Structures are given as C-alpha cells and as structure tokens.
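A short reminder: the numbers here are calculations on the coordinates, not readings from a lab. Computed from a predicted model, the values in this text were never measured in an experiment. Glycine gets a Cβ as well: all are built from the backbone with ideal geometry, and neighbour counts include every protein chain shown.
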Amino acid sequence: MTARAVFLDRDGVLNKAAVRGGKPYPPATVEQVEILPDVASALLRLKAAGYRLVVVTNQPDVARGDQSRDTVEAINASLAARLPIDEFRVCYHDDGDACLCRKPMPGLLLQEPAHDLAASVMVGDRWRDIEAGRLARVRATVLIERGYDEPCRVEPDVRVASLGEATDWILQLEAGGSR
C-alpha cells in the first residue's frame, strides 16, 4: 500500500523566509534558519495521523550562483534534526533550465518513493506550490498566506495563516469534513 503524504514547501512554510521587495528568499546560512512558531507541533500532529512529511523545495539560488548546494543541504539537515521530516526533495534549477522538478512542475511530488497522491496534500506559500499540487493531482492544496507581492495564479482549496491552521484543515478533511 502506498503511503499518503503532506508535501511541504520549505521557506515560508517550515522556516521564516526573508522578504525583500515583497518577494520571499531562503535563509543564507544555517544560523539564519528560524523555524516558525507552530511548525513542530503541527508536524507531530500530521505524523500521528499517519502522513509522511515530504519537503519539496525549489532552491534556484544554487543555479544562480547565489548559494551553495552544501548550504542548502546543511539547512535541510538542521531542519531534519529539529523536525519530524521524512524526506527532502530539492530542485536546484532555475526557470531557464526547463526541468520537470522545478515547481510549478510536479516532478518533486512524483519522484520515488511514490505516494498515494489522491490521499495526499500540498502545503505551500506561493502559487508555484499550489500549481505543482494541482498538476500532481493531490487531494487538496493549502496556501499559507504570507502577504507576498505576487498574485496567486491558481486558487488553492483553502487559504490559512499558519501551518497549524493548515493542519487543522487537513485533519478535518481526513475526518470527512468538507473541502
């Protein structure tokens, strides 16, 4: 039986993103990583409900030469040491690379090991996350509103203010609540 997952974007969902000019950016170092307030408890609740927790993150600053792959991996390792994450899936490409793993493409959600996408949920803070979830045909998509200065090009199933609120909604959906 294939496991169901909650796919999670990293920056702006698990940890605080640096916002400059209305646009989110990842932390530049491990020391700058700030896990958002309700993330640990929300992830524990999702794990207890039987979901695999899979981080799916675009890190184009590596392709742009603005951040090293080692730094991205160190940040992921730091998060993994403090949070109950099952797996990290990272796209290091930029838009011009036209890869299938860079969100909004669904490649990160479709990688092995496969999950029961019809029972899985995508949680993100940008339209790219929601579109990737839609293209992968997950059960539901959740947008955490961070007030970025960019339009949401595709409508999520629900908009929330935090991962804790997203978790409440996901667990209600699982219990047979309306979508």
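Charged side chains reduced to their Cβ positions (Lys and Arg at +1, Asp and Glu at -1) give segment 5-174 a dipole of some 160 debye around its Cα centre. Cysteine residues of the chain whose Cβ has no partner cysteine Cβ closer than 4.7 Å: 99, 152. Among residues other than residue 71 with Cβ under 15 Å from its Cβ, the summed charge is -3 (Lys and Arg +1, Asp and Glu -1). Computed on the chain, with alpha-carbon pairs under 8 angstrom and 6+ residues apart, the relative contact order is 25 percent. Taking amide H as placed 1.01 Å from N in the peptide plane, the amide H of residue 67 sits under 5 Å from that of 62, each at least 5 places away or on another chain.
Among 71, 57, 2, a tally of other beta-carbon atoms within 10 Å of each Cβ gives an order, fewest to most, of 2, 71, 57. Backbone amide hydrogens, once placed in the peptide plane, bring residue 19 within less than 5 Å of 25, excluding anything fewer than 5 places away on its chain.
Translational diffusion of the chain, estimated by Stokes-Einstein from the Kirkwood radius over alpha carbon pairs at 10 °C in a medium of 1.306 mPa s, is 98 µm² per second.
For the residues 85, 75, what sequence is obtained by ranking on other C-beta atoms within 10 Å, fewest first? With the sparsest Cβ surroundings first, the list reads 85, 75. Scalar couplings 3J(HN,Hα) for segment 13-21, obtained by applying the Karplus form with A = 6.51, B = -1.76, C = 1.60 to θ = phi - 60°, are 10, 8, 10, 5, 8, 7, 9, 10, x Hz; x denotes Gly and Pro. Annotation: amide H-H contacts under 5 Å for residue 93 (H modelled 1.01 Å from N, sequence separation of 5 or more, or interchain): 59.
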